[in-house]
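Presented below is the structure to which this report refers.
The values are calculated or read from the model by the stated rules, or taken from the named source; none is laboratory data. Values in this document were obtained by computation on a predicted structure and should not be read as measured data. As a convention, Cβ positions derive from the backbone with ideal geometry for all residues, glycine included, and neighbour counts pool all protein chains shown.
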Amino acid sequence: MKKSTLLHLRIPFSFLLMPVFLFALAVSPAMPYKELFLAFIALHLFLYPASNGYNSWFDKDEKSIGGLKEPPKVFKELLYYSLLFDALAVVSALFVGWRFALMCFIYGTISRAYSNDKTRLKKYPIISWLTVTVFQGGFMFLATYLALNRLTFSELLQEEIIYPAILSTAMLMGSYPMTQVYQHEEDAKRGDLTLSRMLGIRGTFIFTMLVFALAMAGFSAYFTTYFSVKLVIWLNIALLPVLIFFLTWFYKVWKDENKANFSNTMRLNIISASCFNLFFFSSTLMNHYNFF
C-alpha cells in the first residue's frame, strides 16, 4: 500500500465518528465484549476508512480535506483498497450477525452513491446533508445498538431506541455543515453545492448554533426521561469547551471570514468529538456499574 493511499483512508479520522458508537453503547442494556470489539473494528477500522478513501478517489482534492491539511496525489489503488475495506467491514460484521452486516453493506452503498460521479449526491445541498446525517447518525446508532443487543429489525422499532437514534442524527445535522465551511472554493470548482456553500460562512455558523441548541434540548429531555437529570448536568459540563471554542471562533469569523479555515475547523471537530466521547464513555461506565 502506498503512503498516499494510507493517508487518504484517514483511519484516525474515525475518532470523529466515534460519539455515535459510544452513545449506542452508553444506553445499551447489554455490553457483550465480543460483539463490541467486532462491531468497533468493522465500523472504525474498515467501513469509515473505506468511505473516506472512495470519496478521496472521486474528489481528487488539491486543498485541505477533513484530516489532511495537504492531501497527497491519489492513485488507482486507493479505489481498490476502499472497495477491499468495504468488503472487510461486511465480513467482520458477519461475525456479529447478518443483520448488522446488511446494515454495514447498505451504509457502504450509500457512501459510494454520495461520492460517485454518476450519482454524486454530494452535489445537492439538502439531499447530501440528510444522507450523511441520517446514515452516519441515526442509522449507525441503530446498527450498533442492534449488534450489541442481538436484536431483530422489528425490535429496533421501540420509542426508547428510535429516540436516541434521532438525536444521533440531530447531533450531526448541526456539526456536518461546519466540516464544509473552509471548502467553498474547492467545492465550487467541482460544482458541488454543499449546504455550507448555500448558507454562506456566517450563515453556517448561525445554522449550526441553532440546530445544536435544539439537539441539546433533545438530549436533555431524553436523559431526564430515561436516566437521570444528573446526566444532563454532566453533559453540559462536558460540552463546555466546545461552546467556548465555537463562540470564540464565531466572533473571529464574523470580523474576518478568512478565519473559517482548515485549522480552526479541525480544532472544533477534535474538541467536539473528544468531549462527546468523554461524556458517552463515562456514561457507559456509569450505566453498566449502576451509577445512575
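Scan the stretch 194-204 and tell me whether some residue there is without any contact (Cβ under 8 Å) to a residue 40 or more places away in the chain and either surrounded by fewer than 16 Cβ atoms within 10 Å (Cβ to Cβ) or outside any helix (DSSP H, G or I) (or both).
Looking through the stretch 194-204, at least one residue is without any contact (Cβ under 8 Å) to a residue 40 or more places away in the chain and either surrounded by fewer than 16 Cβ atoms within 10 Å (Cβ to Cβ) or outside any helix (DSSP H, G or I) (or both).
ILE271: surrounded by 16 or more Cβ atoms within 10 Å (Cβ to Cβ) and under 20 Å from TYR176 (Cα atoms), yes or no? So that I can check it myself, show each step before the final result.
Numbers: surrounded by 16 or more Cβ atoms within 10 Å (Cβ to Cβ): yes; under 20 Å from TYR176 (Cα atoms): yes.
Yes.
Could you please find all residues in the stretch 233-284 being modelled with pLDDT under 90 and among the aromatic types (Phe, Trp, Tyr)?
Of everything in the stretch 233-284, just one residue is modelled with pLDDT under 90 and among the aromatic types (Phe, Trp, Tyr), namely PHE262.
Scan the stretch 115-139 for residues that are among the charged types (D, E, K, R) and surrounded by 18 or more Cβ atoms within 10 Å (Cβ to Cβ) and jot them down. It would help to see each step written out before you state the result.
We begin by selecting, within the stretch 115-139, every residue among the charged types (D, E, K, R); these are 117-118, 120, 122-123.
Answer for the stretch 115-139, where residues must be among the charged types (D, E, K, R) and surrounded by 18 or more Cβ atoms within 10 Å (Cβ to Cβ): just LYS122.
Name the single residue, out of those in the stretch 78-105 being closer than 15 Å to LYS34 by Cα, surrounded by 22 or more Cβ atoms within 10 Å (Cβ to Cβ) and aliphatic (A, V, I, L, M), that is nearest to the chain's Cα centre (by Cα).
Among residues in the stretch 78-105 that are closer than 15 Å to LYS34 by Cα, surrounded by 22 or more Cβ atoms within 10 Å (Cβ to Cβ) and aliphatic (A, V, I, L, M), the one nearest to the chain's Cα centre (by Cα) is ALA93.
Is it the case that the stretch 208-216 has a residue that's touching a Ser or Thr at 6+ places or on another chain (Cβ under 8 Å), modelled with pLDDT under 90 and of a type in the set (S, T, N, Q)?
No, there is no match, as no residue in the stretch 208-216 is touching a Ser or Thr at 6+ places or on another chain (Cβ under 8 Å), modelled with pLDDT under 90 and of a type in the set (S, T, N, Q).
Just the residues that are crowded, with 24+ Cβ neighbours inside 10 Å, hydroxyl-bearing (Ser, Thr, Tyr) and either in a loop (DSSP other than H, G, I, E, B) or within 13 Å of the chain's Cα centre (by Cα) (or both), please, taken from the stretch 24-55.
TYR48, SER51
Of the conditions (1) assigned to a helix (DSSP H, G or I); (2) touching a Ser or Thr at 6+ places or on another chain (Cβ under 8 Å); (3) in contact (Cβ under 8 Å) with a residue 40 or more places away in the chain; (4) buried (at least 20 other Cβ atoms within 10 Å of the Cβ), VAL74 fails just one. Which one is it?
(1)
Which one is farthest from the chain's Cα centre (by Cα) among residues in the stretch 220-235 that are part of a helix (DSSP H, G or I) and surrounded by 14 or more Cβ atoms within 10 Å (Cβ to Cβ)? Step through it out loud before you land on a result.
If we filter the stretch 220-235 for residues that are part of a helix (DSSP H, G or I), which is where we start, we get 220-226, 229-235.
From what is left, the residues that are surrounded by 14 or more Cβ atoms within 10 Å (Cβ to Cβ) are 220, 222-223, 226, 231-232, 234-235.
Values: SER220: 21, TYR222: 20, PHE223: 21, TYR226: 24, LEU231: 22, VAL232: 22, TRP234: 22, LEU235: 19 Å.
Looking at the filtered set, the residue picked out is TYR226.
For (1) assigned to a helix (DSSP H, G or I); (2) loosely packed, with under 14 Cβ neighbours inside 10 Å; (3) touching a residue at least 40 places away in the same chain (Cβ under 8 Å); (4) not small (Gly, Ala, Ser), each residue gets a yes or a no:
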residue	(1), (2), (3), (4)
GLY218	yes, no, yes, no
PHE245	yes, no, no, yes
TYR251	yes, yes, no, yes
ARG267	yes, yes, no, yes
SER283	yes, no, yes, no
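Among the listed residues PHE58, PHE21, which satisfies the condition of being among the aromatic types (Phe, Trp, Tyr), in a helix (DSSP H, G or I), touching a Phe, Trp or Tyr at 6+ places or on another chain (Cβ under 8 Å) and within 22 Å of SER111 (Cβ to Cβ)? If you could, list the steps in order and put the result at the bottom.
On the way: PHE58 fails: touching a Phe, Trp or Tyr at 6+ places or on another chain (Cβ under 8 Å).
Checking each option against the conditions leaves just PHE21.
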